[in-house]
Structure formats: C-alpha cells, structure tokens
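Before any comments, here is the structure.
The values are calculated or read from the model by the stated rules, or taken from the named source; none is laboratory data. The shown structure was predicted, so the numbers you read here are calculated from the model rather than taken from an experiment. Neighbour counts run over all protein chains shown; Cβ positions are idealised from the backbone, glycine included.
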Amino acid sequence: MADAILFMPIKQETGLTLETAAEAKTLILYALIKAASKYAYQGQDQAGKSFALRVTHMAESDYAFHLENGNRYRREDLTFYIQSGGKLIKLR
C-alpha cells in the first residue's frame, strides 16, 4: 500500500466525523483503460475482459498516470474509480 495514492479529505465543511474519517483510512485510486483508447488491450485479460488497474504514481506530463502494469496513460484514456469497502466506485 505504500505506493497507493491516499486521500484524506477531512475538513469541517464536509461533515465528516472522526469516526467516519477513521473508517475510511485510505482510498485507493484505480483506473480502467477506456475501450476507445488505443491502449485498451493493455487493461484486458486473455479473454478480452477489461479490469481496473491501481494508479501507482502521478507525474506532471501528458502521460501523467502510472498504472500497476508499469505503463503511463493520459487522463482521456482512463476512467477513474476509488476502492471503498471492497467495492470500486466510479468517479465523475
């Protein structure tokens, strides 16, 4: 988990209590490579089914998102999710 992106949005105006903040200790950012991307095959299993990859690093470049498969991607090639309670939740 050391290379996961952590989000700690604890502000008074959010309405989070210390209990809810403690329950959501970390959020892990995942990305699904869009089917329309020329890189879509890099996020598919042998049967052609897409799967989410963990975002391991972000950099200031055109290909800013480094995924756990070792490749870098543009924002427009990805759909983002966070892991919460064992489920992936799509970000808008």
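Structure summary
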item: Top-ranked residue of region 23-76 - restricted to ones that are of a type in the set (S, T, N, Q) and within 20 Å of Ile89 (Cα to Cα), ranked as nearest to the chain's Cα centre (by Cα); result: Thr56
item: Selection from region 54-92 of residues that are under 14 Å from Gln42 (Cα atoms) and among the acidic types (Asp, Glu); result: Glu68, Asp77
item: Any hit, region 68-82, residues being in contact (Cβ under 8 Å) with a residue 24 or more places away in the chain and touching a helix residue (DSSP H, G or I) at 6+ places or on another chain (Cβ under 8 Å); result: yes
item: Any hit, region 34-42, residues being surrounded by 10 or more Cβ atoms within 10 Å (Cβ to Cβ), modelled with pLDDT of 90 or more and assigned to a strand (DSSP E or B); result: no
